[in-house]
Amino acid sequence: GIESSYRLAKQSLAFTSSQDAGLRLVMFVVSLLLQNSWRYLHWRYVAAPRRGGRRLWQWSFTEFCEMVLRAAWTALGVRRTVPANQPLDDRFFR
């Protein structure tokens, strides 16, 4: 259990070159919160109840992290692409 927790934490940990221990600790805590929320959602909504326990369907942790990242991009209004061969509209000049 402990080894898999660290493996999952490495998949969601933000990379930084900062030497600030507080910042690195905050990033590690956020990765653990992501991990625990994925486990809770996986158990509560994805796993099918059956006799003898729940059947866990495939829903990888990296897929969950990508979903959270896409939701954050949508909430923050991040544009990932620039339309080519079109005039710039007012969204680019805020």
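Here's the yes/no breakdown for (1) open to solvent by 60 Å² or more (accessible area, probe 1.4 Å); (2) in a helix (DSSP H, G or I):
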residue: GLN11; (1), (2): yes, yes
residue: SER17; (1), (2): yes, no
residue: GLY22; (1), (2): no, yes
residue: VAL29; (1), (2): yes, yes
residue: SER37; (1), (2): no, yes
residue: ARG44; (1), (2): yes, yes
**Study point:** Scan of the range 37-71 for residues that are over 18 Å from LYS10 (Cα atoms) and small (Gly, Ala, Ser), ordered by number
**Key:** ALA47, ALA48, GLY52, GLY53, ALA71
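The values are calculated or read from the model by the stated rules, or taken from the named source; none is laboratory data. Model, not experiment: these values are computed from the prediction. Ligands, DNA and RNA are stripped out before the accessible areas are found, and what is left, the full protein with its side chains, is counted by its heavy atoms. Shrake-Rupley method; radii C 1.70, N 1.55, O 1.52, S 1.80 Å.
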